[in-house]
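Here the structure comes first, spelled out in structure tokens, and everything after it is commentary.
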Amino acid sequence: MPARIVICSSVLHTGHFIAGEVYPERRAGIASVVVNRASMRKWLIGCGVLFGVVLVLCIGVLVWAFTPPKIEIPPRQLPPNNAYDEYRAMAEEMKQRLDADTRFKQIESAIRGGQPLSAADRAYYLQRMEPYLRRYELLTLRPCVVSVERSVHARFPEFAQMRRIAWTEAYLMREELRQKRYRAAVARADRLSRLAEQARNGGSLIHYLVGLAIHSIALQPIREELPRIQDRAALEALLKLARDYEKRRIPLWKCLQEEYYFILSVYQELLDGRISIDQLTDSGSTPQTSTSRGNMLLYQLLVKTALPELNRLMTQAIEESKLPFHQRRPETMDPEKSVRHLLNALTIPTAFAASKRETTEVTLMRLVGCTAAIRLHKLRTGKYPASLEALQLGEMIIDPFSGKPFVYKADPRFGFLLYSVSENRVDDGGQSTYSGVPEARGDLSPVAVRLPDHLKGVRREQQPLVAPIWLR
């Protein structure tokens, strides 16, 4: 019995060893396998989720890439009896009949060069231009909104012919001013002012520049003759011209808004396959007839990625151009310098140069209007006004370059001195440049002084400034 007890005890002890030493390790191994399987399951689930997310993102990117962007462009509101279509038709006729006339072109070149004409050449020139002068005079009395298609392939024959009309009117204005027919000359300037606004009403930046050119051509003869215009009727007409200009002037921001719509239209043409990227740098190329599927996808991606930057930069430029002239910042008015996208670099224009020219145009028109008002005040009261505010002209006495009234001085011995501080916004005592436009030096006078012969050929920055011009 004791031996059996010992054996049993040994067996029991051995069993305890097996259960306590060997089996626990096996249980630990089994638990490790279970943990590894759980970790593997979690890892697989994580990979599956990640794969699903990536798949969804890829599908989203593909859907985004293949879905054309939505471009909304408001249509123009064209008035009935719109004069712009007739301007275009007249321009085509003028181009065909006048550009092929060698004699006419030679006379026209002489006029623009300031050369005298023989009586025969003058008669021939006016005989060729007279029908178009009559037609345009009637058209300036009608409503007019630019009606040209917003497209890369749009052509503007009216621009050259509008300038041709302006040069003819300026030639006739100089004749009338020499003959002291001041009222008739101012009437021509008024017609050209209306033409300039018609040229840019509803138009883009290029239309605005054409309007600037026409205004400049119209004002130059008036400014050259201004010291001698004393006729009451002519002065009243000049003041009315300046006041009407303030009312009907198309501001730059409206043309920048239209420029924005034009760019959007160009991007829509890309999406529709009507043009290619190459045609954006070659405006004379023929319209696109077909575009490959690969290019269509590329254009969609380009337009989609370009639109946010385009919207931001053009909106900034438009809002900046609504500010008073002296508050505008060059960096915002020049969106071209901030462009990062390739497509926008081909289409977004620089607007700062146009902004400076707008400021100049408004300044000169106001200076001429104030000059007429000062002289009329002198005719009525026998003395010059004590200040520009006494004229009660409102915004017309404000110098756009400074945001303050023009510099005005009156002296019974010399008359009166009126000028703008011009581009440098520094009062240079009324000294101005011969160019008659703002420069980095000098002030801006209402009077334009022609460059003397002995200074022709001298670089502009080396030309002396014109002494202050006192008017009576």
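Of [x] 27.6; [y] 23.7; [z] 25.9, which is the value of Kirkwood radius over Cα pairs in Å derived from the coordinates here?
It is the value labelled [x].
What's the longest uninterrupted piece of the chain once you rule out the GluC sites (Glu not before Pro) that are loop residues per DSSP with at most 13 other Cβ within 10 Å?
By the stated rule (loop sites, at most 13 other Cβ atoms within 10 Å), 150-472.
Please give the calculated 222 nm ellipticity per residue for the chain, where each DSSP H segment of at least 4 residues contributes -39500 (n - 2.57) and the sum is spread over every residue; nearest 500 deg cm²/dmol? Please list the in-between numbers first.
Numbers: 15 runs with 281 residues, N = 472.
Taking each H run of at least 4 residues, the total per residue is -20500 deg cm²/dmol.
Among 407, 342, 78, which residue has its Cα furthest toward the positive end of the charge dipole of the chain, with +1 on Lys/Arg Cβ and -1 on Asp/Glu Cβ?
407
If contacts are Cα pairs under 8 angstrom and at least 6 residues apart, what is the relative contact order of the chain in percent?
In percent, rounded to a whole number, it is 11.
With +1 on the Cβ of every Lys and Arg and -1 on the Cβ of every Asp and Glu, and nothing else charged, how large is the dipole of the chain about its Cα centre, in debye rounded to the nearest 20?
560
Students often forget the sequence filter, so: which aspartates and glutamates lie under 20 Å Cα-Cα from residue 456 once same-chain residues fewer than 8 apart are removed?
Partners within reach: 224, 439.
Normalised radius of gyration for segment 352-472, please: alpha carbon Rg relative to 2.2 N^0.38 Å, two decimal places.
Normalised Cα radius of gyration, segment 352-472: 1.08.
Under 22 Å from the Cα of residue 304, which lysines turn up, not counting those fewer than eight places away in the same chain?
Here the lysines satisfying the reach criterion relative to residue 304 are 70, 337.
Within straight cross-link reach of residue 322, meaning Cα distance under 19 Å, which lysines are found once same-chain residues fewer than 8 apart are removed?
247, 254, 356, 404
All of the numbers you see were taken from the coordinates with simple rules; none came from a lab. What you are looking at is a predicted structure, and each value in this text was computed from that prediction instead of being measured. Don't worry about glycine lacking a Cβ; one is built from the backbone with ideal geometry, like all the others, and counts go over all protein chains shown.
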